[in-house]
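Here's the structure we're looking at; comments come further down.
What follows is calculated from the coordinates using simple rules that are stated; it is not laboratory data. Not measured: the values here are computed from a predicted model. Cβ coordinates were reconstructed from backbone atoms using ideal geometry, including for glycine residues, and neighbour counts include every protein chain displayed.
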Amino acid sequence: MKKIIIISLTLFFSSFVFSQHKSTNAKHLNVNWHKVGWFLEANGGMRLLGKTSEQADMKPGLSLTGGVGYFINEQFGVRGRLDYQGFNTETVNSSNSSYSIGLSAEALLRTLNAFGGVKNRAFEVVAHGGIGGNSLINPELRDYVRNDLGKEFEDGGFKGTDDMFHIVIGATPEYHFNSKLSLNLDISHFIQFGQHRTYDVFSKELADGPTGVFVTSLGLTVRL
């Protein structure tokens, strides 16, 4: 897992440094890719980290992200994002699967435009940060409580889910094919507050304090 994180961070910083060199050779683009306005994003990748009990092990899981945003000017924008993250835990005697659905509102900054001037570049690095909420859903636990125990959930929010508040921060290096389409590598870290149990919920261990997950994904950005 540590190797995966190191590789992701290396790709991020390498793209940032390379973009400085590439910007001087980007005149062939001849497009106003940094225009203001609406854009759509879709990404797929993997989720890392996540709190478990000592007796459980959790491998990387699937991560899917969709977003819609608006750039107010050539440097600043806003975005709403929807995230899916999968969690698969294993103990000596059992395995269990769950997933979370999250919504976030973020502020965006095109760092090269902000600090290096607005110009045609083949690369950009978008820094992002915001807040949101997510719900952890464990179908096996929900069925066990309702069908085997014959009970109903009495928790607040969405019934039968572990609801949390989160802060998300990250960076997205982008390579621009043209004024409409870009390839992006997103790196995001979610700091979660209010998680009740660890991801191996049947261990019945409480998740004390803030928890977090790390997401790296590849996707496309389409400017409308």
With a point put 7 Å past each Cα toward its Cβ, work out how far residue 55 is from residue 92 in nm, to one decimal.
0.8
For labels at residue 78 and residue 224 in the simple 7 Å Cα→Cβ model, what's the distance in nm?
1.5
Starting from the Cα of residue 101, move 7 Å in the Cα-to-Cβ direction to define the label point; list residues of the range 191-220 whose amide nitrogen is under 15 Å from there.
none
Under 14 Å, Cβ to Cβ, from residue 117 - net charge with Lys/Arg +1 and Asp/Glu -1:
+1
Of the peptides 112-120, 182-190, 75-83, how do they stack up when ordered by the mean number of other Cβ atoms within 10 Å, highest first?
182-190, 75-83, 112-120
Full extension from residue 114 to residue 131: what is 0.36 nm times the residue separation minus their Cα-Cα distance, to one decimal in nm?
3.9 nm
